Structures are given as C-alpha cells and as structure tokens.
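Student: Submitted below is the structure of interest, expressed as structure tokens.
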Ligand SMILES: NC(=O)C1=CN([C@@H]2O[C@H](COP(=O)(O)OP(=O)(O)OC[C@H]3O[C@@H](n4cnc5c(N)ncnc54)[C@H](O)[C@@H]3O)[C@@H](O)[C@H]2O)[C@@H](O)CC1
Ligand SMILES: Nc1ncnc2c1ncn2[C@@H]1O[C@H](COP(=O)(O)OP(=O)(O)O)[C@@H](O)[C@H]1O
Ligand SMILES: [K+]
C-alpha cells in the first residue's frame, strides 16, 4: 500500500471530487459516516461524547459526526474552538445542519473549556491535514485539557497538532489519542517510533478515494499489506527435492551465546531451506548437533569464538546459495579476521546481523567489501553505530535511504513497523508484529528466516519484505497463544506458517 505525502493527499481528495465526481460536502459526509460506523461498532450509547471541532474541514467532519451520532441518539455535546475569524465553506454547511437539531458551545478562552470526565469520550476534530504551523493559544489550551482528562480520546483523521510527514517542533502541543481513525492511506507519522504517543491505535476507514489516482501517483514509501506479501510467496513444485531450496550457511555463536545460533538455525529450517550448514566455535558443536539435528555442523578451529582458522575442509563458499552471519558471534579480533575474509570471498548477497554489524561499524573499510544487495538487519542502536545519530524520525529515514542507496544494500531497520530501505531508494514499513517481540533472540530468528529465503532464490528486497512480514505475523500468532508478556523468541519460530 502506498504512503502519500500531505500534498499528494490533498491532490487525491481534489481528484476524487472532480473525477468520481462527488461534491466536497458529500465526500465529507462519507468521511463522517465512515467514522460514525467505526465508532458505533465499538462504543455504546452509555458513554457521553464531547466533540471538539476546529474551523477547517476537520472541524466540518466533527460537526457532521456530531449530527450523525445525535440522530442515532448518542449523548453528544459539540464544541467549536474559535481560534480564528474564518470558517471553511463545508464547516459552515455542517454548522447550519447541526444547529437545526442540537446546541453548539463556543470555546474562545480558557473559561469556556468544559471539565471532561471519566467514561466520557472526547472526539478530536480540531485540526487535520491542514495543520500549517505549531498550535498556540486557545487551541493549545483545549488540546492540553483533552490530554489531561481521563476520557477515551479519538482523533479524527490525525491527532490535532501532529504534522503528517514532517517533524514537529520540540515543544509542540499535540493530542495524545487512544485511537486515530484516518480517512486517507496511512500517514508517515503513524509509523514512527517517537510519535506513537500522538497516534494511539490507528484504524483506516475507506471513503472511496480514487484508486486510479493512487495507482499512478509516485511515492518512495510503502506499507506492506498481507495481499502484497501473498503475491511474493512461491508455491512448491510437486517434484521438488531438497536441492531445489538451496543450501544455506550460517556463521553464528560464541561461548555463552550459542543460543543465538540455535535460534537462527531453527528459524532457517522452519523457513523452507533445503539444506543448512552451521559454522560454530568448537564449544558449540554438541549443542548444535543436539538441539538442531536437521542441520549439518561445521566446527571452527577455535574453542570459544569463530576464527575462520584453521581452514577446515569446508565446501567452497560458492557452493552455498546464501550465507548469514552475526548472531551471537561477539567482536573478538579473530572473529573480525574471519568476517574480513568471509566478506572478501563471498560473491552473493548475504544476511548480516548483530555483532557482524558492530564489527563493520568499527572497521568501516569492510563496508565496501559487503556484496551488493546484501541484507543488513540492524536494530536502531546498531544502525546508529553504522551511520550517525539522528535528530528526528524523519532525519533517520533520510539517513536510512541514503545509506541503502549509496551502498546498494537492503537495510532492515528493526522495531515496531520495521523500515526496509532498498538500493533503489524505496522504503517499506512492516505492518505485523507486536511489543511481545521486544525480547532477546527475536532478531536472531529473523536472520535465520531471511537467510532461508535468500537460499531459496528470493530476490533480496522480496526476501526482506516477505521475511519481516512473516516474522511479525508469527510473533502475532505467538502473542495470541501466550500473550505478549509470555512470548519468547523460539515461540516465533514455532508459530511460523508459510501459507
Ligand atoms: N475533500 C476533503 O478535503 C476531505 C477532507 N476531510 C477532512 O479535512 C481535513 C483537512 O481539512 P482542512 O484542509 O480544512 O484542514 P484543517 O481542518 O486541518 O484546518 C486548516 C485550517 O486551520 C488553520 N491552521 C493550521 N494550523 C493551525 C494552527 N496550528 N492553529 C490554528 N489554526 C491552524 C489553517 O490556516 C487552515 O485555515 C482532513 O484532515 C479531514 O479531516 C474529510 O472530510 C475527507 C474529505
Ligand atoms: N514493539 C514491537 N513491535 C513489533 N516488532 C517488534 C517490537 N519490538 C521488537 N520487535 C521485533 O523484534 C526483533 C528484535 O530484534 P533485535 O533487537 O535484533 O533482538 P535480538 O538482538 O535480541 O535478537 C525485530 O525483528 C523487531 O522488529
Ligand atoms: K484531528
């Protein structure tokens, strides 16, 4: 699914109005109806509703929602925050219609702000996508009052005060909703870690904006949906054999961190690889053979760490269809030497994670040695070590895009809504996963998954988008069984289902 900019969203609204065609006021009515349907499916009439409206079209939506809920016999009190002398035309129209059936209270100064109580619902329709400057004055006071109230808060389209795709200033006053119900495609702001407080749980309601326009509008930002991912998954041929699904090599583990290697190996096997060889320090040999009997094990000459020495009689690197390196390997000088040699010899895209990324961050000459189209899977701290500190989520997205494009890597920046940046400059945000996955070892599982997909011949960008989605989906299944708190990394592997 595409993510459009505010400017493109405005043009999308305009295009829909001209080409469906539909009058602006009817499109607003459709938005209000969609919101009302969403609301009435979740909240019953016992909860009093206070709707706070601005003077633009977001306020217009709020007035129309007030009318629809009043007609459904919800207990509704409507407020107009009078921060400016002028109202939008469609606001005026809905104002006249609401006036016929209900009273409207004006908020011009702080005295006019009502006390919002427990069990009440506050609907925020003060400012929408038209936000052009930081909030101030009475708008700020109303937002503060709503945020400090015990009510359930629902933002119409976007939280008032939140810029949809640019950074807010440091001391901005922004609604902190429990829910955001948005009419347009997801906005970039909804997917950024530092903005979660200003989004809450977000829901998209379809108001029939032009699909033709969306299809031909260029964007570099995408939100991965299940339908798109289904398209990527390749069915198995009836006459296939284990040679059809590649031979992966994982270089993982060190003394005390063999678990990372076991997690990555099991996830790799659960993701359809034909054959798996795992290279571990000698101390990991029995651990691996015992816990993952499906894998072949290649012990390193060193007892505790991967050293790449002595050169054991391993098959040529080129015989492997994919190589994954990093989970649990530590950052010893011998392991650095091993990584240096590996990167110099590898010809195909690899999967590079965890300590391998930390070693590369400290030895930057290695960046040029990484095969093009390799997948790097840093979490934010690892990515910062690899690049630089960022000033906002948007700054970070710029660094991410440039780093992936300049080096021709696929960079999987992990977290809620993992962002996958590709060599061609696009960024794909993931839609699956949950906070139960914030626990040690879940990243190692992802490395195993991605290595298996590359081994099976998936293109690295497809592998990253598909693998990250399925990793999150397995995490969601595991959370359903166990609850988020009880979830641990191996539950994700056990919950993988590739169908
Ligand atoms: N066809 C459409 O355009 C549709 C629009 N819809 C609604 O319309 C919204 C966008 O409407 P508008 O473009 O009128 O935008 P807003 O309702 O966000 O209001 C914009 C107005 O607020 C002023 N303003 C901006 N920042 C301010 C601040 N910090 N303090 C005080 N005033 C400020 C602007 O000068 C402008 O006059 C969407 O978010 C959505 O809710 C929906 O009805 C769906 C259809
Ligand atoms: N709140 C969250 N929502 C969705 N996914 C999450 C969340 N927290 C963590 N994850 C996922 O869990 C994994 C954590 O990886 P990582 O930080 O490398 O952990 P580890 O190094 O312990 O394996 C990533 O894939 C990340 O996207
Ligand atoms: K709003």
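Student: When both residues are 6+ apart or on different chains and their Cβ atoms are under 8 Å apart, which pairs have a first residue that lies in segment 363-381 and is outside the structural domain of residue 418 (by TED's automatic domain parsing) and touching a residue at least 24 places away in the same chain (Cβ under 8 Å), and a second that is crowded, with 18+ Cβ neighbours inside 10 Å and assigned to a loop (DSSP other than H, G, I, E, B)?
Tutor: Listed by first residue and then by second, the contacts come to nothing, as the list is empty.
Student: Residues that are more than 19 Å from residue 202 (Cβ to Cβ) and out of contact with any helix residue (DSSP H, G or I) (no Cβ under 6 Å at 6 or more places or on another chain): does segment 150-159 have at least one?
Tutor: yes
Student: Against the definition (part of a loop (DSSP other than H, G, I, E, B), under 25 Å from the mean Cα position of the chain (by Cα) and more than 16 Å from ligand 3 (Cβ to nearest atom)), how does residue 12 come out, yes or no?
Tutor: no
Student: Test residue 424 against the criterion of being away from ligand 2 (no atom under 14 Å from the Cβ), surrounded by fewer than 22 Cβ atoms within 10 Å (Cβ to Cβ) and at pLDDT 95 or above, and give yes or no.
Tutor: For residue 424, the condition - away from ligand 2 (no atom under 14 Å from the Cβ), surrounded by fewer than 22 Cβ atoms within 10 Å (Cβ to Cβ) and at pLDDT 95 or above - is met.
Student: Here are some residues: 209, 197. Which one is part of a loop (DSSP other than H, G, I, E, B) and either within 16 Å of ligand 2 (Cβ to nearest atom) or over 26 Å from residue 464 (Cβ atoms) (or both)?
Tutor: 209 is the lone residue from the list that is part of a loop (DSSP other than H, G, I, E, B) and either within 16 Å of ligand 2 (Cβ to nearest atom) or over 26 Å from residue 464 (Cβ atoms) (or both).
Student: On to the next question. Restricting attention to segment 54-66, which residues are more than 6 Å from ligand 1 (Cβ to nearest atom) and either surrounded by fewer than 24 Cβ atoms within 10 Å (Cβ to Cβ) or outside any helix (DSSP H, G or I) (or both)?
Tutor: 55, the sole residue that qualifies.
This table checks each residue for (1) surrounded by 23 or more Cβ atoms within 10 Å (Cβ to Cβ); (2) at pLDDT below 95; (3) more than 28 Å from residue 15 (Cα to Cα).
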position: 163; (1), (2), (3): yes, no, no
position: 171; (1), (2), (3): no, yes, yes
position: 177; (1), (2), (3): yes, no, yes
position: 213; (1), (2), (3): no, no, no
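Student: Shifting gears a bit: Out of 275, 263, 233, 249, which single residue is away from ligand 2 (no atom under 16 Å from the Cβ), within 26 Å of the chain's Cα centre (by Cα), closer than 28 Å to residue 441 by Cβ and assigned by TED's automatic domain parsing to the domain that holds residue 473?
Tutor: Checking each option against the conditions leaves just 233.
Student: Continuing with this model, one more query. Looking at 461, 465, 445, can you tell me which residue is crowded, with 18+ Cβ neighbours inside 10 Å and under 16 Å from residue 348 (Cβ atoms)?
Tutor: 461
Student: Next question. Given segment 74-174, what strands (runs of 3 or more DSSP E) lie entirely inside it while holding 3 or more residues that are away from ligand 3 (no atom under 15 Å from the Cβ)?
Tutor: Here the list reads 104-107.
Student: Which one of 78, 105 is away from ligand 2 (no atom under 16 Å from the Cβ) and surrounded by fewer than 18 Cβ atoms within 10 Å (Cβ to Cβ)?
Tutor: One residue alone meets the criteria, 105.
Student: Still on this structure, I have one more. When you scan segment 147-166, how many residues do you find that are away from ligand 1 (no atom under 15 Å from the Cβ) and touching a residue at least 60 places away in the same chain (Cβ under 8 Å)?
Tutor: Total satisfying the criteria: 2.
The rows are residues; the columns are (1) crowded, with 20+ Cβ neighbours inside 10 Å; (2) away from ligand 3 (no atom under 16 Å from the Cβ); (3) over 30 Å from residue 117 (Cα atoms).
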| site | (1), (2), (3) |
| --- | --- |
| 17 | no, yes, yes |
| 24 | no, yes, yes |
| 41 | no, yes, no |
| 46 | no, yes, no |
| 50 | yes, no, no |
| 72 | no, yes, no |
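Student: Okay, next question. If residue 121 passes every condition in (1) within 33 Å of the chain's Cα centre (by Cα); (2) closer than 16 Å to residue 28 by Cβ; (3) buried (at least 18 other Cβ atoms within 10 Å of the Cβ) but one, which one does it miss?
Tutor: (2)
The values are calculated or read from the model by the stated rules, or taken from the named source; none is laboratory data. Source: prediction; values computed, not measured. We place every Cβ from the backbone using ideal geometry, glycine too, and count neighbours over all the protein chains shown.
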